[in-house]
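The values are calculated or read from the model by the stated rules, or taken from the named source; none is laboratory data. All values derive from a computational prediction rather than experimental measurement. All Cβ positions, even for glycine, are placed from backbone atoms using ideal geometry, and neighbour counts span all protein chains on display.
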Amino acid sequence: MFRISQFMRELAQAEETGQWPVASRRGTGKPPGPVVIWNLIRRCNLTCKHCYALSADHDYAGELNWREVVEVMDDLKAFRVPVLILSGGEPLMRPDIFDIAQRSKLMGFYTGLSTNGTLIDREMADRIADLGFDYVGISLDGLRETHDKFRRLDGAFDRSLAAVRLLRDRGVKVGLRYTMTSLNAHDFAPLLQLMRREHVNKFYFSHLNYAGRGNIHRGKDAQFQSTREALDRLYDRAWMAAWEGLDEEYVTGNNDADGPYLLRWVQRRFPHWAATLRERLVAWGGNASGVNVANIDNLGVVHPDTMWWHHSLGSVRERPFSQIWTDTSDPLMAGLKAHPRPVQGRCGQCRHFDICGGNTRTRAQQLTGNPWAEDPGCYLSDEEIGLAGGLTPVRQSSSPIFIKEVPYAHAA
């Protein structure tokens, strides 16, 4: 996750005081254990076009039971995992979700809920508020017509927006989550307007990653120019919010080129802070898959992140998560944990490699079969990454293809 607002607030303070905040220059304070996104259930009441879990509205056999979940939580706590994001499928369809969340809170985990929001009525909103979730993310893929098409359910937008309002009115920290493709890019600006109109203080902008139905539909991925225009809008918005002292948070995910692109944004507007920002971005370190973010699926299988459901690192039913996560005998995990990572092509030659860490590896693996090939989702030009010639290269097609392993997974 790339925390745009964090850097913008530091920039705003630097502009106001003439000095970059000292505390922020000491490092990023990365957690002792990874953030764990836990897909507790695969069942979902929706069949979204970009779902990384290929979820559907039926039960899936073999999911972790309460006793197994408790054992895993104990191990995660001992391993100093700081954050649990409870996800699915649709996590609110799991009967013991509130028991799990309550235990998570009592154990001291920062506890988030990732949901499509369509099941949240007044009673459900009361339960969520009473339990004290630290954050609830609700996905909106556009305005009414667009969102309902993506979610394949008429009325999904109205139900999700109603959930946002119910939680907001109960004091729950709630945010909007949006995955941009060429089919919904036109609704990005209106969604930002909706965010402010509804007094929602967090917006998560996700780039499409090639996993699950997102892999099937990757031919619909937003073109690079559209991505750049969207990020310019997002960075401008985040900057003004920081400068005006608004309680708004903007983050992106699934494309770590966003870090170098922010540096470019600052170089054009605040060149005197570019060198300091670059230090901060290097400290951030870019892609965290297999290092500072982890995934456990509904069957207890561990993955480097939620977009790697087609690659198993082992099962918590066979050995503890803590042992699986520290085992680098798996070539993918060894590469993800390496410094530097063994990336190739444009990524390996990029002047900003120390910022983005080679970006997400899933797209490269899905397109070429090689997880260390250049990321086809990088929207930076050759000139911007320091390659000779200054010409945008001929990029590999992102038309849908299928390699040996095809992932199945979700996005709430």
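Among the residues in the range 214-233, are any at pLDDT 95 or above and under 15 Å from residue 6 (Cβ atoms)? Within the range 214-233, none of the residues are at pLDDT 95 or above and under 15 Å from residue 6 (Cβ atoms). Go through the range 183-205 and give me each residue that's at pLDDT below 95, buried (at least 19 other Cβ atoms within 10 Å of the Cβ) and outside any loop (DSSP other than H, G, I, E, B). Residues satisfying the conditions do not exist here. Residue 333 meets the conditions (1) over 28 Å from residue 277 (Cβ atoms); (2) part of a loop (DSSP other than H, G, I, E, B); (3) of a type outside the set (Phe, Trp, Tyr) in every case but one. The failed one is (2). Screening residue 268 on (1) closer than 28 Å to residue 191 by Cβ; (2) buried (at least 20 other Cβ atoms within 10 Å of the Cβ) shows it passes everything except condition (2). Applying the set (1) more than 20 Å from residue 293 (Cα to Cα); (2) in contact (Cβ under 8 Å) with a residue 12 or more places away in the chain; (3) part of a loop (DSSP other than H, G, I, E, B); (4) not acidic (Asp, Glu) to residue 92 leaves exactly one unmet item: (3).
For residues that are outside any loop (DSSP other than H, G, I, E, B) and touching a residue at least 40 places away in the same chain (Cβ under 8 Å), tally how many sit in the range 240-279. Total satisfying the criteria: 21. In the set (1) part of a helix (DSSP H, G or I); (2) at pLDDT below 95; (3) among the small types (Gly, Ala, Ser), residue 125 fails one condition alone, (2). Under the condition of being surrounded by 22 or more Cβ atoms within 10 Å (Cβ to Cβ) and in contact with a Ser or Thr (Cβ under 8 Å, 6 or more places away or on another chain), which residue from the range 325-361 is modelled with the highest pLDDT? By that ranking, first place goes to 336. Beta carbons closer than 7 Å, at least 6 apart along the sequence or on distinct chains, pair a first residue in the range 309-327 that is under 21 Å from residue 42 (Cα atoms) with a second that is of a type in the set (Val, Ile, Thr) and assigned to a helix (DSSP H, G or I) for 313/324; 314/324; 316/72; 321/72. Within the span defined as the range 280-288, every residue fails to be in contact with a helix residue (DSSP H, G or I) (Cβ under 8 Å, 6 or more places away or on another chain) and under 16 Å from residue 79 (Cβ atoms).
Taken together, 293, 266, 251, 316 contain a single residue that is over 26 Å from residue 202 (Cβ atoms) and modelled with pLDDT of 95 or more, which is 316. Within the range 296-307, the residues that satisfy the criterion of being at pLDDT 95 or above and not charged (D, E, K, R) are 296, 298, 299, 300, 301, 302, 303, 304. Is it fair to say residue 409 is surrounded by 14 or more Cβ atoms within 10 Å (Cβ to Cβ), at pLDDT below 50 and assigned to a loop (DSSP other than H, G, I, E, B)? So residue 409 passes the test. Here is a check on your reading of the model: is residue 155 modelled with pLDDT of 90 or more and either of a type outside the set (Gly, Ala, Ser) or farther than 30 Å from residue 384 by Cα (or both)? Yes; evaluated as a whole, the condition is true for this residue.
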